[in-house]
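Right, one structure below, let's go through it.
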Amino acid sequence: MKIMEKNSSATEKEMKEKKPAEVEQAFISVYIMGKEHRVPFGLTIMKAMEYAGYRFVRGAGCRAGFCGACATIYRMKGDYKLETALACQTTALDGMYLTQIPFMPANKSVYDIEKLNPDINSILHLYPEIARCVSCNMCTRSCPQDLEVMDYIQAALRGDTEEAARLSFDCIQCGLCTVRCMAEISHYHVGQLARRLYGKYYSPTPRHLTERLEEMDEGKYDEAMDELVVMDKENLKKKYWKRDMEVK
Amino acid sequence: MEIIDGYPDFMMESIKKVERTRKSRIGRNLPRMSSDQREVILSKFHPDYKEHEKKKLQIGPNKGYRMPLEMISLLEAEPFLDTSKVDLSRVDYDVDVLIIGGGGGGTVASIWANMSGVPADRILISTKLRHGDSNSMMAQGGIQAADGPIDNPPIHYLDIIGGGHFANKPKLARILAMQAPKIIKWHESLGVMYDKDKEGNFVERPGGGTSRKRMHSSKDYTGMEILRVVRDESINRKIPVLEFSPAIELLKDDMGQVAGAILMNLETNQYYIVKAKVVIMATGGWGRLHIQNFATTNHYGATADGLVMAYHVGAKLRDLDSVQYHPTGAAYPEQIVGLLITEKVRTMGAQPVNMNGELFVNPLEPRDVEASAFIRECYEREMGITTPTGMTGVWLDSPMIDIVQGEGTIHANLDAMYRMFQRFGIDMTKHPMLVFPTLHYQNGGVEINEHCQTSVKGLFAAGEVTGGVHGKNRLMGNSLLDYNVFGKIAGINVAEYIKNVKIGKLTLDHVDKYRNILRDANIKSKVKAPMILPEYREENLMKRTIKV
Ligand SMILES: Cc1cc2nc3c(=O)[nH]c(=O)nc-3n(C[C@H](O)[C@H](O)[C@H](O)COP(=O)(O)OP(=O)(O)OC[C@H]3O[C@@H](n4cnc5c(N)ncnc54)[C@H](O)[C@@H]3O)c2cc1C
Ligand code: SF4
Ligand code: SF4
Ligand code: FES
């Protein structure tokens, strides 16, 4: 049985070998940094660029929407609006004029998390520029994760660390908000600080973890472990198959 | 072909059947397989059991070991560095600790080396893409640690060993289980935001092959949350990182110890010589080798470079005969084929069902067993659903999550998943997702001992690049744990190790020797290694490229 020979139409490797009959081979025009390329319809912007002959060094990381390496700005032919996207998570469309923003020289504060005072000014102190926000909402409009970016900056400004941490949680640090902010705010670094402050100072370590660590310090499981690591395979197997399952 | 809610009409018809059986499936699951049943289904359907997809390695310390053809091809490839063109007399960076790989393991090692007394400017991280571009960034489901009241590390150990088919290195598995609660505590002190309930306790979930609920998560961005915090910490400690400058070969000295590496600046093509008292290999996995042509969940740089470089200096490898395929890779839409649908979707209650909406496997088998059952359903029983581009898959009935656990559960816990499908017009809270196994994890790798030392002096390793911790099959949530635990151990141990190291004259003789061994074994390969980046450009286009 040759599973992957059958089930392989879609690996990137085989994209290039795909027979015309397998897909509806409609071709579209995309304009990569102004230059027109004909590519099959149905690819992500990233795969369309590769199809056109670009090999990524910058501009590609996870290829799955988790890292923000592939931040892209585009405009549709005939439209004036600039849109933002993740190249790995967006279908290339006919008439897209696009470029990647693979690097953002954003300001990140350097701090020792142990020495920060978690008060209402701790974020403002390290990122005073958040006070320059004019509430234009451009950051929120540019976010490919659809986060309420302006709201988390405003929360940080108010000193509401929890809200800033919560609203910024899904940020993949792509920098697209920062590119467009007239107040030159590095939103994603602000969010990072808010989350670390919240995680460390506002959300206490559960008791059951502390207790487990105390037990372990006293050596509670050492003996059981000593036995297990030298146990022969047969007995281990028996033990494994007899173990009780919390979830059936 | 009409598209309804993101699906073509014929797929929608199958979805209707899934909806019809949904109610009757609530609270009901097929029993888990026995040991014998597992053996049968694995040997018949798991891609790893296809012997013609593997071959014996012909050279080096692992001569005679069977590995996937794609891995053999890289280990038997021509080293791509031309040693005659390298001037070793000019050292660009002279450091104590060189860390190769700025993903999870490398970053954690840098912090612990620094905390153990190595000054930041005596450490250097070399990484292929940006700092943090790695598999660690992509992990969704969670990290295991036995800190619950009815759980404990010995039970965790049993799960690890059984999941690994009893082939793990016991001492490494023990460290993994015993260090886990400490790692979570460390993360808490750094400010990682784990999911907690109203009382402030961790929300802990089950995972495939685990006997207790011990999966700690941060929504479905667990890997991203941990890594962006440790990366922030490493930056705050001012640990230097060279981005877009992967290592392409290790350096040795005339006493035979590893003594640094040659890096290559991917943008200018210059090479850099790094002299170091010790090297930590933390290059992660091999997903981008597309073993047996499978799509992969891995990041762009997961090309097994660390295995190749380590083998060139004579390090022993192990358990590379086993490849982990994640049962639930996306099979539709085309744009996201192969990308991961976290196991958490199943642990939260979504059942896999066939084209008629029938159950065919327990949702929480270990990954290899679960994946085999999917393949059987698609290709032996022919009960899968084939997409317009020819992928066949089974349904993962995600709407059940909100039905069983309450409306809003998906949004609160699986935002990354929701987003991924919603971007292509599919609403996972209303319709199931089509899935098929995808290449996910490198179970084996460079052999290490309890101190993260490899078999070659001066070379340490941590994370997915290593072998032994997980035996022949890694369980969900144990590899985020792995890179944290062994990154920490590597960092602490190198700080001690470098106190007594003197480096002699640098050499690349081992690379020339490797070439000779290839020649003597009559191996003539057109492939060059390490691979560094996969090639996705069109073949016809490549034929017409000219180098300026
Ligand atoms: C999509 C996905 C989901 C996952 N989900 C989970 C989960 O829920 N729970 C869990 O426990 N595990 C999960 N895993 C597995 C886990 O994320 C990884 O195994 C683990 O993070 C590996 O960490 P690492 O530091 O060893 O490697 P990585 O984090 O991959 O880091 C390796 C780094 O080395 C760099 N590198 C590679 N070659 C070179 C070179 N030649 N020179 C310099 N640098 C180089 C890479 O670019 C990368 O930055 C998942 C993996 C993936 C891909
Ligand atoms: S773009 Fe800048 S100025 Fe505008 S709302 Fe966002 S943070 Fe404020
Ligand atoms: S908040 Fe900014 S950096 Fe974060 S994902 Fe949105 S646009 Fe990108
Ligand atoms: S490449 Fe990581 S988000 Fe697109």
request  = Would you mind checking the tilt of helix B:222-236 against the longest principal axis of the Cα atoms of chain B, expressed as 0 to 90 degrees and rounded to 10?
outcome  = 30
ask   = Counting partner chain Cβ atoms within 10 Å of every residue's Cβ in A:111-123, what's the average?
value = 1
key: Among the listed pairs B:169/B:316; B:23/B:213; B:316/B:457; A:220/B:344; B:85/B:252; B:171/B:344, those beyond 22 Å (Cα-Cα)   = B:23/B:213; A:220/B:344; B:171/B:344
ask   = Hey, got the dipole for the protein assembly as shown? About the Cα centre, +1 on K and R Cβ, -1 on D and E Cβ, debye to the nearest 20?
value = 1340
request  = Lys and Arg at +1, Asp and Glu at -1: add these up for the other residues within a Cβ distance under 10 Å of residue B:139 and post the number.
outcome  = -2
request  = Indicate, rounded to the nearest 5 percent, the antiparallel portion of the DSSP beta bridges found entirely in chain B.
outcome  = 65
ask   = Ranked from the most accessible area to the least, with a 1.4 Å probe and all protein chains present, what is the order of B:275, A:77, B:526?
value = B:526, A:77, B:275
query = If ligands, DNA and RNA are left out, what is the accessible area of residue B:451 with a 1.4 Å probe, given in Å² to the nearest 10?
reply = 80
inquiry  = With angles folded into 0 to 90 degrees, how steeply does helix B:170-190 sit against the dominant principal axis of chain B? Use alpha carbons for both and round to 10.
reply    = 80
key: Pairwise centroid distance, computed over Cα atoms, of the range B:102-170 with the range B:399-468, Å   = 14
ask   = Taking Cα pairs under 8 Å and at least six residues apart, what relative contact order does the range A:24-100 come out at, in percent?
value = 38
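The values are calculated or read from the model by the stated rules, or taken from the named source; none is laboratory data. Here the structure is a predicted model, which means the values were calculated and not measured. In this analysis, Cβ positions are derived from the backbone assuming ideal geometry, glycine residues included, and neighbour counts consider all displayed protein chains. Quick note on the areas: whole protein, heavy atoms, side chains included, nothing else; ligands and nucleic acids left out. Shrake-Rupley method; radii C 1.70, N 1.55, O 1.52, S 1.80 Å.
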